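The values are calculated or read from the model by the stated rules, or taken from the named source; none is laboratory data. All figures in this text were calculated on a predicted structure; none of them were measured in a lab. So basically every Cβ, Gly included, is an ideal-geometry build from the backbone, and we count neighbours across all protein chains shown.
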Amino acid sequence: MKLLMIFSEKFSYKLTLKNLEAAENVTEGDDFENCIVAFIQAEEKDEEDIVGIEKKLVKNLKWAASKNNTKFVVLHSFAHLSESKANPEFTKELFNMAESRLQNADYQTAQTPFGYFLDLDMKAPGFSLARIFKSL
């Protein structure tokens with residue numbers, strides 16, 4: 001898994017194009033404030049242990065949120081961080097599991113629409129630990 005976490009004072013998206021036929025239908029964008037936006041690429045090797053990789057993902061998200069004084073995490077599928085890609089069904093299940101674990105730990109969460117290309121707008125300040133990359 002590749003994970004790019006960016007603290008954003010403001011983050012919003014608009015739908016541009018549905019690229020997975022099986023994706024649920026979404027018609028509107030959304031916007032958020034003071035959150036960790038997690039750009040996540042699940043890789044083929046991650047499919048061997050969904051529970052293990054989900055635990056590592058959540059641990060890193062909580063750590064980044066703590067370092068940026070927020071309890072709000074936005075999960076965003078970003079299949080451009082590695083040449084290896086997990087299948088979409090695995091990735092969506094991983095996101096749902098991570099979101100549930102975060103919510104159970106009193107984090108506010110959101111997911112950008114899975115299976116869509118999006119126009120993104122973000123205000124991300126430049127300070128230590130506002131941008132963190134991990135290879136899990």
Of all residues in region 1-32 being closer than 14 Å to Asp119 by Cα, assigned to a strand (DSSP E or B) and of a type in the set (Ser, Thr, Tyr), which is modelled with the lowest pLDDT? Thr16
List the number of the failed condition for Leu136; all other conditions in (1) modelled with pLDDT of 95 or more; (2) surrounded by 14 or more Cβ atoms within 10 Å (Cβ to Cβ); (3) of a type outside the set (Gly, Ala, Ser) hold. (1)
Starting from region 108-121, keep only residues that are over 10 Å from Gly29 (Cβ atoms), then list their pairs with residues that are of a type in the set (Ser, Thr, Tyr) and surrounded by 18 or more Cβ atoms within 10 Å (Cβ to Cβ) whose Cβ atoms are within a distance under 6 Å, requiring at least 6 positions of separation or different chains. Phe114/Ser77
Looking at (1) within 13 Å of the chain's Cα centre (by Cα); (2) part of a helix (DSSP H, G or I); (3) in contact (Cβ under 8 Å) with a residue 24 or more places away in the chain; (4) over 14 Å from Leu136 (Cα atoms), which is the one condition that is false for Glu54? (4)
Condition check for Ser66: polar (S, T, N, Q), closer than 18 Å to Lys134 by Cα, out of contact with any helix residue (DSSP H, G or I) (no Cβ under 6 Å at 6 or more places or on another chain) and exposed (fewer than 14 other Cβ atoms within 10 Å of the Cβ): yes
Note: among Phe127, Phe95, just one is among the hydrophobic types (A, V, I, L, M, F, W, C) and not in a helix (DSSP H, G or I), namely Phe127
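Let's see how each residue does on (1) surrounded by fewer than 16 Cβ atoms within 10 Å (Cβ to Cβ); (2) under 14 Å from the mean Cα position of the chain (by Cα); (3) over 19 Å from Phe7 (Cα atoms); (4) not basic (Lys, Arg):
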site: Asp31; (1), (2), (3), (4): yes, no, no, yes
site: Val74; (1), (2), (3), (4): no, yes, no, yes
site: Ser84; (1), (2), (3), (4): yes, no, yes, yes
site: Asp121; (1), (2), (3), (4): yes, no, no, yes
